[in-house]
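Notes to accompany the following structure.
Every number here is computed from the coordinates shown, using simple stated rules; none is lab data. Note that the structure is a prediction, hence the values are computed from the model and not measured. Here the Cβ positions follow ideal geometry from the backbone for every residue, glycine too, while neighbour counts run over all protein chains shown.
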There are 2 protein chains.
Amino acid sequence: MQTGQAKPLLRALAGEALSPPPWWLMRQAGRYLPEYREVRARARDFVELCLTPELAAELTLQPIRRYGMHGAILFSDILMLPYALGQKLAFHEGEGPVLERIEDPAAVGKLDARRIASALDPVFETARRVRGGLDPRTTLIGFAGAPWTVATYMVEGGGSRDFRRVKSWAYRDPQGFDALIDLLADATIEYLTGQIGAGVEVVQLFDSWAGTLPEPAFVRWVIEPTRRIVAALKVRFAGCPIIGFPRGAGMLHERYLRDTGVDGIGIDTAVPPGYAHRTLQPLGTVQGNLDPVLLLVGGAALEEAVRGLRQMLGAGPYIFNLGHGVLPETPAENVQALARLLSEPVLAQPMDA
Amino acid sequence: MQTGQAKPLLRALAGEALSPPPWWLMRQAGRYLPEYREVRARARDFVELCLTPELAAELTLQPIRRYGMHGAILFSDILMLPYALGQKLAFHEGEGPVLERIEDPAAVGKLDARRIASALDPVFETARRVRGGLDPRTTLIGFAGAPWTVATYMVEGGGSRDFRRVKSWAYRDPQGFDALIDLLADATIEYLTGQIGAGVEVVQLFDSWAGTLPEPAFVRWVIEPTRRIVAALKVRFAGCPIIGFPRGAGMLHERYLRDTGVDGIGIDTAVPPGYAHRTLQPLGTVQGNLDPVLLLVGGAALEEAVRGLRQMLGAGPYIFNLGHGVLPETPAENVQALARLLSEPVLAQPMDA
């Protein structure tokens, strides 16, 4: 399908098969870059870093300058949304985020969705600054956490191994939990509306913990709110493609892609490329899924894996990415090697096994 | 299929659809039981607990006395294998296991597979004691970690978020890493041979981290060693069924079940029961997959979920279980409620959607 779009990432999201494929990397701005660490040191903490447009814009652009990815993703964090709603948030070095815990519908009632536009205006300002400085082939990507994943952090008070608190609430009082999910969906619509208004051209919804839910809960708290967010954004901005990333969704990727209305789907490292080729590409654009450890290792293993992905997925609409974020220990030169590998010609030869 | 086997768990593993289904729970012996905590206090540490047959046998039987599960699983830990091979191991309360790290083929060469039989004889003695005391409808289940999962702990030195060390080794030096996997497969064959010789009637291979690998690595380090273990055990003990539990395997469950030769497959919470009914039950017995948090929550949510699983999976060969281990915070009375729910008549009505 030819769409007349000039930017490779937008063409892929409109359904075109491109060779070489457009690419970007989750966490492409980050600690593996020396110039990141220098800018990071100029903010008191991580929240300040995300909410200082000058610094966040610089961090967004750093990997593009080095490697020329086709997508520049706003430097921010999915927890800026609960922060903007009024939830206390801190990032402790090496330990992950810590949030004041939300434990019941009464606590949900205290969250103030009207604060989104003002509290997150620095993110919109970052978008405006970056968009102005991008070359014409690079696409500005905005993002938010999907409601289920953001809710896990809000209720657990941080990361979790068993999601005991958030699932207990959801299973015990599904209507009460719906109120939290609904509020997050509404806030996410406002947040992404602000981002798109500020120049973002594609948005990605990160649902990092989608794969922890049994099917009925996945339908109710992953698919439904995502569908609602996508529908609202499509009414306001028909031309802005949306990528969903339901990490760990396994056999539910197909249903997610069919039922939510997203244009593209991010796939994690465990998804077999052959399945993505046969089952997902006929329904939408596929994005992924190199193991981040292969980027860390580099060399022949990286070459072989990148070639394999391009062979299997390159005949359909495809955006190259990792299956998870860049690891902080990744050598910067391996990303350079990846950029070179991605620019080489590779014949797409999907095997319909 | 009628097999003449008297024990429900063995009949289900031979392909029979039983109503009510046989059941047991991963981590059914554990901290949620007051009588567990009492016995736990009698050992200096967790390793001693696993290797003291009197205590381990008592812990194995505790949940059976209370709830009458159809399967009694040996009280032990998958890390007893590296411990027996000579790797230092400690369990720190609330922090998970800590192992001396194995970093290269030279370190693999120092592991002594000949120690398995003697170092793990206490586990075999536990099996002999338990088997003697089981009523005729209860099946004794032995287990081991699958080589990939055991290797992750051995190389990372404990649990991991990104499996950076173990995957780096595997990707950089696949032949060298094969040597570790091969040694673990051989040791696992010896270990399970000892368990079966001591009276174990079914074995389960726990591959808790199977779902972290991309497809080619999954084939090489999950499917291949599992296939080899299953083939060796089937030669020695044709009548001992084997259950594989490749947690997080997503779309690769089907290939795992086809290619490894296991009789049954454990499915985690994220696997849709409809997929298991349509795709896995025609190939083998399915075991799973109630969310452990539903057992913690109890009440109407538990009832509805248990009924749903039995409706979808009860028409084929099925063993009821959780999708992951019992959570320590689970109220003991909820397990009693589950036992009651499982004994009620439910009409299997799989929907072939």
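Based on DSSP H segments of at least four residues, each scored -39500 (n - 2.57), chain A has a per-residue ellipticity at 222 nm of -13000 deg cm²/dmol.
Quick check on the exposure proxy: order A:H253, B:H277 from fewest to most C-beta atoms within 10 angstrom. Could you put the intermediate results ahead of the total?
Numbers: A:H253 27, B:H277 23.
Ordered by Cβ neighbours within 10 Å, fewest first: B:H277, A:H253.
In order along segment B:22-38, the phi-based Karplus estimate (6.51 cos²θ - 1.76 cosθ + 1.60, θ = phi - 60°) of 3J(HN,Hα) comes to x, 8, 7, 10, 4, 6, 5, 9, x, 4, 6, 9, x, 5, 5, 4, 5 Hz; Gly and Pro are listed as x.
Relative to the longest principal axis of chain B, what angle (0 to 90°, nearest 10) does the C-alpha long axis of helix B:147-156 take? In chain B, helix B:147-156 runs at an angle near 50 degrees to the longest axis.
Here the label points at B:R44 and A:R65, each 7 Å from Cα along the C-beta direction, are separated by 5.9 nm in the simple model. Distances between copies at B:R340, taken between label points 7 Å from Cα along the C-beta direction, are 6.9 nm in increasing order. The order of B:M69, B:M351, A:M26, going from fewest to most other C-beta atoms within 10 Å of their C-beta, is B:M351, A:M26, B:M69.
Per-residue mean of foreign Cβ neighbours for A:246-257 is 3 (Cβ atoms of other chains, 10 Å radius).
With contacts defined as alpha carbon pairs under 8 Å and 6 or more residues apart, what's the relative contact order of chain B in percent? Could you put the intermediate results ahead of the total?
On the way: 665 pairs, mean separation 73.9, N = 353.
Answer for chain B is 21 percent.
Placing +1 on each Lys and Arg Cβ and -1 on each Asp and Glu Cβ, with no other charges, gives the protein assembly as shown a dipole about its Cα centre of roughly 480 debye.
Once the C-beta distance of A:R278 and A:E304 is scaled by a Förster radius of 22 Å, the resulting FRET efficiency is 0.50 to the nearest 0.05. Each copy carries a label point for A:G308 at 7 Å from Cα along the beta-carbon vector; from one copy to the others these points are 3.5 nm apart, nearest first. Placing +1 on each Lys and Arg Cβ and -1 on each Asp and Glu Cβ, with no other charges, gives chain A a dipole about its Cα centre of roughly 400 debye. Taking the number of Cβ atoms within 10 Å of each Cβ as an exposure proxy, the fewest-first ranking of B:L184, B:L140 is B:L140, B:L184.
In order along segment A:177-185, the phi-based Karplus estimate (6.51 cos²θ - 1.76 cosθ + 1.60, θ = phi - 60°) of 3J(HN,Hα) comes to 5, 3, 4, 5, 4, 4, 4, 5, 5 Hz; Gly and Pro are listed as x. Shown in residue order for segment A:239-253 are the 3J(HN,Hα) couplings computed by the Karplus curve 6.51 cos²θ - 1.76 cosθ + 1.60 at θ = phi - 60°: x, 9, x, 10, 10, x, 10, x, 4, x, 6, x, 5, 8, 4 Hz (x for Gly and Pro).
Looking only at other chains, what is the average number of their beta-carbon atoms within 10 angstrom of each beta-carbon in B:210-220? Could the numbers behind the result be given before it?
On the way: counts 1, 6, 7, 4, 15, 10, 5, 6, 3, 1, 0.
Mean partner shielding for this stretch: 5.
Highest mean first, what order results for A:157-166, A:15-24, B:99-108 on Cβ atoms within 10 Å?
Values: A:157-166: 17.6, A:15-24: 19.5, B:99-108: 15.8.
Per-residue Cβ counts within 10 Å, averaged per peptide and sorted highest first, yield A:15-24, A:157-166, B:99-108.
Between amide H atoms placed 1.01 Å from N, distances below 5 Å from A:A72 occur with A:T139, A:L140, A:I141, all of them 5 or more places distant or on a separate chain.
Electrostatic bookkeeping for A:D259 treats Lys and Arg as +1 and Asp and Glu as -1; over the other residues with beta carbon under 11 Å from its beta carbon, the sum is +1.
What does the average come to when, for each residue of peptide B:288-297, you count the partner chain Cβ atoms lying within 10 Å of its Cβ? Intermediate results must be reported in sequence, preceding the final value.
On the way: counts 0, 2, 1, 8, 4, 15, 6, 0, 6, 8.
Counting other chains' Cβ atoms within 10 Å and averaging over B:288-297 gives 5.
In the assembly of identical copies, B:G132 has its label point, taken 7 Å from Cα in the direction of the beta carbon, separated from the corresponding points by 8.4 nm (ascending, one decimal). Based on the Stokes-Einstein relation at 4 °C and a viscosity of 1.567 mPa s, and on the Kirkwood radius from alpha carbon pairs, chain B is assigned a translational diffusion coefficient of 64 µm²/s.
Which value results when the Cα radius of gyration for the protein assembly as shown is divided by 2.2 N^0.38 Å? Provide the component values of the computation, followed by the final result.
Working: Rg = 25.6 Å, N = 706, 2.2 N^0.38 = 26.6 Å.
For the protein assembly as shown, the normalised Cα radius of gyration comes out at 0.96.
Pairs of Lys residues in chain A, spaced 8 or more positions apart or belonging to different chains, with C-alpha separations under 25 angstrom: 4 in total. Considering the rotation that superimposes chain B on chain A, the residue of B whose beta-carbon lies nearest the axis, and that distance in Å, is B:G250, 2. Near the amide H of B:G199, within less than 5 Å, lie no amide hydrogens of residues on another chain or at least 5 residues away, with H placed in the peptide plane.
For A:G158, the amide hydrogen comes within under 5 Å of the amide hydrogens of A:L99, counting only partners 5 or more places away or on other chains and with H modelled in the peptide plane.
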